[in-house]
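To keep things clear, I will list the structure first and then write my remarks on it.
Each reported figure results from applying straightforward, stated rules to the coordinates on display, with no laboratory input. These numbers were taken from a predicted model, which means no experiment stands behind them. So basically every Cβ, Gly included, is an ideal-geometry build from the backbone, and we count neighbours across all protein chains shown.
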Amino acid sequence: MKQQTESNPLSNLDEWEDDLLRRYPDPESIANQKSVEEYRNYENPERDTVREFYKLNHTYQTYDFVLEKRNNYLRFDKKEMPIWAAFDFLNQLVDDSDPDTDLDQMQHLLQTSEAIRADGHPDWMVLVGLVHDMGKVLCLFGEPQWAVVGDTFPVGCAHSDKIVYAEYFDANPDFHNQRYNTKYGIYAPNCGLRNVHMSWGHDEYVYQMMKDYLPEPGLYMLRYHSFYSQHRENAYNHLMDDHDHKMFKWVNLFNPYDLYSKNPTPPDWKVLRPYYEDLVQKYLPATLKF
């Protein structure tokens, strides 16, 4: 994928965005360690943690639980630290919900951002690749992984059967609550995802953390990159509005880089660090509130 040259400039921002969205990545070119069909294998995951993770996640991610966590964490009064300190913590974390990799999170972030950079996308999108899982620092504050990672889904309405391991929702109190277990639940048709509460985790947390620093397409990538039942299965079209559908083109552009860049070979951080230090300095403050 090549960037536009000066001899063929795009006439305006809308044309540039349309051109960028036409250049979707070829998953086969990103997935250079195994075939794309081998990713997200939940039928026979290689790690035993995956099924147990989703059993806990689907049991305890209720509407009231989400409101409690939003009230607790979105004040960002727990800690203030440089982004690199957060990345140091991620070096200790392996995602129990992920059937595709057992590398620490920092390695995954670098693989994602480097794949985006290699395809010539804007630097803000490279930064999205670098920070998209940074919200997993919630584990630093004692949160169990089922409250931090994994696929996300709306709460306050019926759970789609397109959500991975949907059978485990039978143990969730909201599954049996008539206020929450209908198609729309507490929401109005096509109300827009900005009015819908998602299961609590790192996506919403990092979105809220970055919402003053990145363009809206990047913020959609952050907020909904784990919402697989929608960007793969279109299971919640009935809650989305026209603006959501427009922005989800960006989520779909980002998703292959997040998913298919995972491979057992870690990037060389010593070589890459100067570039990423400059990138972070360009967009983000010296310290972030967590």
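How much length would be gained if the chain were fully extended between residue 64 and residue 246, taking 0.36 nm per residue of separation minus their Cα-Cα distance, in nm to one decimal?
62.5 nm
Which residues' amide hydrogens lie under 5 Å from the amide hydrogen of residue 198, considering only partners 5 or more residues apart or on another chain, with H built in the peptide plane?
When sequence neighbours closer than 5 places are left aside, the close amide H contacts are 155.
Dipole size in debye (nearest 20) for the stretch 118-184 around its Cα centre, Lys and Arg Cβ +1, Asp and Glu Cβ -1?
240 debye
Past the 27 Å Cα-Cα mark, which pairs from 249/270; 55/136; 55/211; 69/246?
Values: 249/270 34 Å; 55/136 19 Å; 55/211 31 Å; 69/246 29 Å.
Distance filter (> 27 Å) returns 249/270; 55/211; 69/246.
Sticking to Cα atoms, compute the Rg of the stretch 131-183 to one decimal and its Dmax as the biggest Cα-Cα distance, whole number, in Å.
Computed over the Cα atoms of the stretch 131-183, radius of gyration and Dmax are 13.3, 38 Å.
For the stretch 146-205, state which trypsin sites (Lys or Arg not before Pro) are in a DSSP loop and have at most 16 other beta carbons lying within 10 Å of their beta carbon.
162, 179, 183
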